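The next block holds one structure in the form of structure tokens; read it before the comments.
The values are calculated or read from the model by the stated rules, or taken from the named source; none is laboratory data. Please read all numbers here as calculations on a predicted model, not as lab measurements. No Cβ is skipped: glycine too gets one built from the backbone with ideal geometry, and neighbour counts run over all protein chains shown. Accessible surface areas use protein heavy atoms only, side chains included; no ligands, DNA or RNA. Shrake-Rupley method; radii C 1.70, N 1.55, O 1.52, S 1.80 Å.
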Amino acid sequence: MPQVALTINGRSYQVACDDGQEERIRQLGQYIDGKVTEFAKSWGQIGDARLILMAGLVITDELAEATESLRRERSNRGGNGATIQQDRVAATESVLAAGIASLAARIEAVALRLESTT
């Protein structure tokens with residue numbers, strides 16, 4: 001199983017991933033690092049676990065908002081005459097929402113592991 005080195009708040013973390021997922025994991029790590037950096041600038045270095053936890057909460061909130069927006073969009077369509085293209089868009093959105101949910105779960109797991117080591 002491949003290992004990817006992620007740098008979050010200046011610290012390196014080795015993360016295992018499935019074959020072929022290395023670049024995606026790097027991109028996700030960069031997104032998390034961006035959130036952590038934003039919080040560190042606002043609040044200072046309050047500890048990696050807290051900063052990563054806050055990033056996880058914000059990303060989870062983003063997921064919740066995206067999921068709710070998708071739900072509203074689907075209910076507004078009401079199933080009346082949805083085109084094939086709309087169905088494809090809805091399927092793509094569902095895949096993206098599931099990916100974000102998976103990412104949020106991974107972030108929460110990392111934050112819990114960090115908290116247990118500090």
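Quick one: ranking Glu108, Glu65 by accessible area, 1.4 Å probe, largest first, what do you get?
On the way: Glu108 85, Glu65 115 Å².
My answer, sorted largest first, is Glu65, Glu108.
Close amide-amide hydrogen proximity is noted between Ile8 and Tyr13, each under 5 Å apart and 5 or more residues distant or on a separate chain (H modeled in the peptide plane; Pro and chain starts excluded).
Could you report the chain's accessible area per residue, 1.4 Å probe, as an integer in Å²? Write down the numbers at each step before the final one.
Numbers: 7770 Å² over 118 residues.
On a per-residue basis, the chain sits at 66 Å².
Evaluated at q = 0.18, 0.21 Å⁻¹, the base-10 log of the normalised Debye intensity for segment 1-106, with identical point scatterers placed on the Cα atoms, takes the values -0.92, -1.09. Looking at Gln45, Ser69, Asn9, which one has the Cα that reaches farthest to the positive end of the dipole of the chain (charges on Cβ: Lys, Arg +1; Asp, Glu -1)? Checked the options; the winner is Ser69.
The phi torsions of segment 90-100, fed into the Karplus equation with coefficients 6.51, -1.76 and 1.60 and a -60° offset, translate into couplings of 4, 5, 5, 4, 5, 5, 4, 4, 5, x, 5 Hz, rounded to whole numbers, with Gly and Pro shown as x.
Taking only DSSP H segments of four or more residues, each worth -39500 (n - 2.57), what value at 222 nm results for the chain once the sum is divided by all its residues, to the nearest 500 deg cm²/dmol?
Working: 3 runs with 86 residues, N = 118.
The per-residue figure over the chain is -26000 deg cm²/dmol.
Mind checking which of Arg50, Arg106, Arg11 has the largest fluctuation in a GNM of the chain, springs on alpha carbons under 10 Å? It is Arg11.
Residue by residue, segment 48-65 carries 3J(HN,Hα) couplings of 4, 4, 5, 5, 5, 4, 4, 4, x, 5, 5, 5, 5, 5, 4, 4, 4, 5 Hz when phi is fed to the Karplus relation 6.51 cos²θ - 1.76 cosθ + 1.60 (θ = phi - 60°); x denotes Gly or Pro. What a 1.4 Å probe finds exposed on the chain is 53% carbon and sulfur by accessible area, rounded to a whole percent.
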